[in-house]
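Everything on this sheet refers to the single structure shown next.
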Amino acid sequence: MSDQSHHEDRAKVLNAFGGTRGLIDSGVPSILFLIAFNISHNLNFAILISLALSAVLTLVRLFTRDTLQHAISGFIGIGICALLARHTGKAQDFYLPGLWTNVGYAIAYTLGNIAGWPVLGLMLGPILGENLAWRKVEARKRAYTQAGWIWVGLFTSRLLVQYPLYRADNLTALGTARLIMGYPLFILTGWLPWQVLKRVPSVKIEEEN
């Protein structure tokens, strides 16, 4: 596969996740929550300021006529985290849905790999024009499975580090771990599977005919 094709496929995948801006919309409000709470030590204020930022990012998307999908999903996610923390009165519970999400992803990716239906293939196949054709090419199927295990490593490592901090009520350490294991580790984990996948040409549907 040519470098041009690699760039095109990578752009398709990034756009499916909302691009760089989509990643910012979904992650920055959580960072602001941590900063606001550590400065004010006021849970309600920290929740309000993170929700306000998420709302502003959504409005900016609306006014610029950009896609709202990722901004709205980010706002809803922040809202769920805020409601849970507000309900329990524990600031660390703002991060609890994130832990649940990592558990769910780790289980889904593991079971998918074991069953021979790697989640990564199911997600990226339609985006890259393969649909399920990759399942008939053993090398491509194996690449999706190997790339999937890298993501399992990310989800599992987050739980191993962050859950003990959550149980210890150490909000500052938990928030810091979320920050370090958020964008930096996510970008690295996104890059490594791509190196695995790009070694095996994608299986275009027309190639089956």
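Working out 0.36 nm times the residue gap between Thr64 and Trp117, then minus their Cα-Cα distance, what length gain in nm do you get to one decimal?
Working: separation 53, 0.36 × 53 = 19.08 nm, distance 3.87 nm.
Gain on extension, Thr64 to Trp117, equals 15.2 nm.
For segment 133-139, in order, what is each residue's ³J(HN,Hα) by Karplus, 6.51 cos²θ - 1.76 cosθ + 1.60 with θ = phi - 60°, in whole Hz (x at glycine and Pro)? Result, rounded to whole Hz: 4, 4, 5, 8, 10, 4, 5.
Multiplying the residue separation of Phe45 and Thr101 by 0.36 nm and subtracting their alpha-carbon distance yields 17.7 nm. Of the two radii for segment 84-196, the radius of gyration is 1.07 times the Kirkwood radius, both from the alpha carbons; that is the Rg over Rh value.
Only the coordinates and a few stated rules stand behind these numbers; no lab work does. It should be emphasised that the depicted structure is a prediction, and the values quoted were computed from it without experimental measurement.
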